[in-house]
Each structure stands twice: as C-alpha cells, then as structure tokens.
Amino acid sequence: MKTLRPLPLGSQTFSYIVENNAVYVDKTPYLHTLISSTVNKFFLSRPRRFGKSLTISTLDALFSGKKELFEGLYIRDKTAYDFAEFPVLRFDFSKFENKSAAALELSLSRHIKACCDDHNVSFDPTLTIRDLWELLIRSFKRNGQQVVILIDEYDKPILDHITNIPIAKENRDVLKGFYETIKANDETLRFVFITGITKFSQMNIFSGLNNLTDISLNPEYAAICGYTQQELEACFFDHISAFSQSEGLRVSELLAKIQKWYNGFRFTKRELTVYNPFSTLMLLEQQSFQYHWFATGTPTYLMQLLKQLNVDVENLPKKLSINDTASYNVDSLQVNLPALLFQTGYMTVVGLSQSQETLLLDYPNMEVKEAFTQQLMVMMARPHVSPAVTVDELREALYGNNLADVFAILTLFFAKIPYDIQESTEKYYQSLFYLIFTVIGTRIRAEVRTNTGRVDALVETDSDLYLFEFKINGSAEDALAQIEEKDYAFSFQDSGKPVHKVGVGFSVAERNIVGWVLG
C-alpha cells in the first residue's frame with residue numbers, strides 16, 4: 001500500500017509543514033500577487049481555523065528570505081521574486097491576555113520588548129506601549145531598513161468581550177494607539193498584513209491606519225484560504241483514494257459526500273466556493289464524517305448574541321443579507337448580525353440580489369447547518385436534554401414513517417426541559433420543532449404559504465412529505481381540521497411523494513405535546 005504523506009494537522013507553521021514533507025496546498029500565487037502590488041497594507045477576514053495563521057507564517061518565511069522552503073512552489077518556480085530579507089514583526093492577539101485593558105497592555109508590552117530584544121534594540125523598560133512601539137519601528141529606519149508587520153487575530157481582544165461593551169471599548173482603545181503608531185511610520189513599512197474573523201469599522205479600530213486594502217471579498221483572493229475543488233482532488237488524491245477503499249465507495253461517490261459536508265464557503269460575488277480546511281484535514285485523517293470544525297468550539301459570544309437578540313431561528317437564513325462593506329460599530333453598541341454570522345463562517349454567500357449589490361446568505365454546508373442548528377436547540381432547551389440521542393432516535397423513527405415513536409421521543413424531549421426556561425408561546429414550540437427536524441437531516445420549511453393559508457411546517461424526507469399544524473391550548477383534532485378545511489395538501493399533490501397531514505396539540509399547563517393525529 002502506498003505510503004501517504006503526513007497531513008498538516010496541528011501546525012500552522014509553514015516551515016514545519018515543508019520540513020516534515022506534509023501536504024501543502026500552494027497558496028503562493030495569491031501571496032505573490034499581494035507582495036507585488038503597488039499598495040502594501042492589507043486586511044483579510046476569514047472564519048476561525050480557516051488558514052489565516054498559515055498565511056501569516058508563509059508571509060513571514062517569504063519576507064525572511066527563506067528561499068529554500070519554497071522549492072517546487074509557484075512563487076519560486078514561476079516568478080522572478082528575489083526573496084529579499086526584511087525584518088519581520090509578528091503579533092498574534094489570540095495569545096495575548098485581554099480580560100482587561102491593563103492585561104492587554106501588559107501582554108502587548110511584553111511582546112514588543114521581546115521584539116526589541118530579538119532585533120538588538122535597547123529600550124527603557126518604563127516606556128509606554130506607544131513610545132516603545134515607536135522606538136522599535138524607528139530603529140529600522142535609522143538602519144536604512146524597511147519593516148514587515150504581520151498581525152493575526154487582531155479582533156480577539158474585542159470579540160471576547162462583545163457582550164461586555166465597556167471592556168470591548170477599553171481594549172479597542174489600546175489597539176487604536178498601537179495602529180496609530182504604525183500609520184505614523186508609513187515610510188518605514190515594506191508590507192503590513194492584518195487578519196481577523198470580523199470586520200469592525202476601520203475608523204473605530206484602525207483609526208489612522210484607515211488606508212488598509214480590504215481583500216476579504218475581493219474575487220482575486222477568494223481562495224487565498226480554504227481548498228478549492230481542484231486543490232482538494234489534486235493535493236489529497238492519495239488520501240481520498242485510500243479513504244474511498246476503506247469506505248467501499250467509488251472516488252466520485254466519496255467526493256460528492258465530502259462536498260456536501262464541507263464545501264460551500266464563498267467569500268465573493270464570484271461563484272467560487274472553498275472547503276473548510278480544518279474539517280477536510282480532520283476528515284481525511286480520521287476517515288469519519290463528523291462536525292470537525294464546529295466541535296472545536298462555537299464562540300460563546302455568538303450564542304450569547306443570538307439569545308439576546310431573540311433571533312427567529314426558523315427564518316434565520318431567509319432574512320440574511322449583507323453588502324460588501326458590512327462591518328460592526330463598537331461605539332454604537334449595535335451588532336450587524338448577518339455580517340457577524342457570515343464572517344464567523346456560520347452563513348456564507350449563496351447568491352446576489354437583483355441589484356447585484358447585496359449578498360444573500362445561507363448555511364454553507366451540511367456540517368455547519370446541522371451542528372449550528374443543534375447548538376441553537378441546546379441553547380433553547382439547555383442543558384438538560386441530550387440532543388444527540390434525540391436526533392438519532394428521531395431520525396430512525398421518522399424515516400421509518402413511525403409517527404408514534406416520533407411523538408413519544410418529542411414528548412420525552414419536551415418533558416426534560418425545566419419549566420422556568422420554557423415559554424408559553426406557540427412560537428417557542430415551533431422553533432424547537434423546526435430545529436429538531438433540521439438537525440435530523442430533513443428539509444423543513446416553516447409557515448409555508450399556500451393559496452388558502454399558511455402551513456405551520458412542511459417536513460420532507462427522501463420518500464415522504466409531512467404537513468404539521470400546531471395548536472397551543474388546542475386539540476390535535478382542531479389542528480388537523482384546519483389542514484383539512486384549508487386543503488393544504490392540495491398544493492403539494494404534484495410532489496410525487498405521499499403527503500401526510502398531522503395535527504399537533506400543545507398544553508401550556510403541561511408544557512408538552514398532549515396529542516397528535518394523522519389525517
């Protein structure tokens with residue numbers, strides 16, 4: 001059996017990947033375009049674990065003149081790049097303490113002092129961050145050098161406190177002073193590259209450094225992070241072939257499944273999608289389809305915001321769109337939820353509005369849709385139920401067309417939710433119902449309009465259609481009567497599938513399903 005090259009799991013260091021002969025997807029064509037540009041300050045927003053840190057590390061190797069690491073890659077073999085060496089200053093804000101502005105200042109000060117030591121720059125340890133940072137940058141100018149500044153996860157000190165605005169603002173002010181110093185020494189800069197998950201208003205965060213070129217939605221850099229279909233098949237063919245043999249699938253069948261699970265991230269108006277690199281690597285390493293990226297931790301701040309904003313989970317994707325300048329403003333205490341969901345990777349571009357100016361959003365793939373929906377379900381019913389067990393049992397029952405078991409499982413699920421976190425509204429139960437049926441892999445639409453009214457929920461499996469009508473403090477029979485009276489089923493008779501009419505009754509007093517009936 002052919003020996004497979006190591007996968008670059010657990011390392012975002014370019015030199016380590018190359019020196020250990022791990023698979024590297026060549027992104028140097030994009031980096032060559034960047035560093036050859038007439039502008040020299042860039043900003044890139046991408047979700048977590050999407051290759052931003054590896055991009056920073058690769059740029060570090062390029063500007064450090066490590067030509068030997070790029071043998072066989074585009075920038076060395078196909079261009080005339082000279083690999084000139086520059087001093088490189090790297091900052092990774094994910095590694096800095098940020099519980100308070102004082103903690104952030106101390107952590108940042110220590111890092112700048114370490115940079116001074118690395119470049120043999122003498123300094124007074126009592127200097128402020130701004131003066132220390134100014135001293136370091138100006139030291140290169142005195143030596144007739146230009147400097148490269150690479151900043152990763154710039155927004156973490158703010159994002160970690162996005163639901164605690166006072167701390168977020170204080171941390172932002174620390175960052176403002178840091179970036180203003182960069183701007184003040186513009187002539188000393190060879191190249192600046194800043195990455196983060198989110199895009200805050202530049203005037204709020206970068207202040208004087210508001211001449212950054214934002215490439216986040218630039219079609220030219222749509223695949224600078226993540227894997228295209230072509231890259232996946234070319235660079236990981238041996239791993240995919242081995243996986244297909246162990247799964248007993250043809251390579252084409254396995255590729256289709258991988259695409260459904262992990263492809264779909266789109267960062268431009270151009271119709272180009274990429275795979276989540278972390279999930280793809282984990283899949284090929286473990287040969288198991290799981291919520292790999294999602295399992296690394298959904299940001300706490302995101303779920304807190306969704307709860308605070310009382311998001312309509314049933315219609316969430318239908319109402320989401322952004323323009324290509326979408327950002328957040330820490331000063332106004334307003335959160336741009338669609339932009340936040342897009343930039344964190346839980347929604348992605350799926351099309352354009354008729355004007356071609358607005359980006360329409362939806363879930364990128366099956367991993368994100370099912371895992372995110374399950375997380376929303378846990379948020380609503382937390383933490384007293386086990387969604388994983390409920391999901392598996394429900395899937396078997398529904399796909400077996402066993403509604404008795406479906407409602408037995410649902411009744412037990414609702415019974416486990418403490419009374420003090422349930423709401424006595426039809427919307428609450430409808431939302432949980434929607435989330436549960438989304439998680440188990442059905443196609444569910446809420447409040448589906450027909451020519452006679454609106455069906456509460458339409459659930460579709462590969463073989464059947466189910467029309468659900470709910471009644472709070474009403475009987476299942478009354479719910480079914482509404483389906484019959486308005487003849488909802490007529491609108492779906494051409495689906496080619498059996499249509500099942502289901503009335504469901506809820507009781508506020510019992511806080512549970514009290515009956516169901518099949519028409």
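The values are calculated or read from the model by the stated rules, or taken from the named source; none is laboratory data. Just so it is clear, the structure is predicted and the values come from calculations on it, not from any experiment. For neighbour counting, all protein chains shown are included, and Cβ atoms are generated from backbone atoms with ideal geometry for every residue, glycine included.
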Discussion item. Given the criteria free of Cβ contacts under 8 Å to residues at least 24 places away in the same chain, of a type outside the set (D, E, K, R) and under 23 Å from ALA371 (Cα atoms), does ILE440 qualify?
Written reply: no
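Among the residues of segment 204-254, count how many are assigned to a helix (DSSP H, G or I) and either in contact with a Pro (Cβ under 7 Å, 6 or more places away or on another chain) or within 15 Å of TYR24 (Cβ to Cβ) (or both). Give the steps one after another, and end with the answer.
Step one: list which residues in segment 204-254 are assigned to a helix (DSSP H, G or I), which gives 204-205, 219-221, 229-235, 237-247, 251-254.
Checking the rest, the ones that are also either in contact with a Pro (Cβ under 7 Å, 6 or more places away or on another chain) or within 15 Å of TYR24 (Cβ to Cβ) (or both) come to 231-232, 234-235, 237-239.
Adding up the residues that qualify gives 7.
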Worksheet entry | So THR198, is it in contact (Cβ under 8 Å) with a residue 12 or more places away in the chain, β-branched (Val, Ile, Thr) and touching a helix residue (DSSP H, G or I) at 6+ places or on another chain (Cβ under 7 Å) | yes
Item to complete: Would you please name the residue that is surrounded by the fewest Cβ atoms within 10 Å (Cβ to Cβ), looking only at residues in segment 23-53 that are out of contact with any helix residue (DSSP H, G or I) (no Cβ under 8 Å at 6 or more places or on another chain) and small (Gly, Ala, Ser)?
Response: SER36
Worksheet item: What pairs come up if the first residue lies in segment 117-135 and is modelled with pLDDT under 95, the second is assigned to a helix (DSSP H, G or I) and among the acidic types (Asp, Glu), and their beta carbons are under 7 Å apart, counting only those six or more places apart or on different chains?
Response: ILE129/GLU105
Response to the item:
Here the residues within segment 83-110 that are under 23 Å from GLY51 (Cα atoms) and in a helix (DSSP H, G or I) are PHE93, SER94, LYS95
Worksheet, complete the sentence: Sole miss for GLU231 among (1) surrounded by 16 or more Cβ atoms within 10 Å (Cβ to Cβ); (2) modelled with pLDDT under 95 is condition (2)
Worksheet item: Looking at this structure, is THR188 among the hydroxyl-bearing types (Ser, Thr, Tyr), under 30 Å from LYS141 (Cα atoms) and at pLDDT 95 or above?
Response: no
Discussion item. Please verify whether GLN430 is at pLDDT below 75, touching a helix residue (DSSP H, G or I) at 6+ places or on another chain (Cβ under 7 Å) and not β-branched (Val, Ile, Thr), treating the condition exactly as stated.
Written reply: yes
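Based on what the data block shows, is LEU132 assigned to a helix (DSSP H, G or I) and of a type outside the set (Gly, Ala, Ser)? Break it down into steps so the answer makes sense when it comes.
Details: assigned to a helix (DSSP H, G or I): yes; of a type outside the set (Gly, Ala, Ser): yes.
Considered against the rule, which asks whether it is assigned to a helix (DSSP H, G or I) and of a type outside the set (Gly, Ala, Ser), LEU132 comes out as yes.
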Discussion item. If I go through segment 180-195 residue by residue, how many of them are crowded, with 24+ Cβ neighbours inside 10 Å and in contact with a Phe, Trp or Tyr (Cβ under 6 Å, 6 or more places away or on another chain)?
Written reply: 2
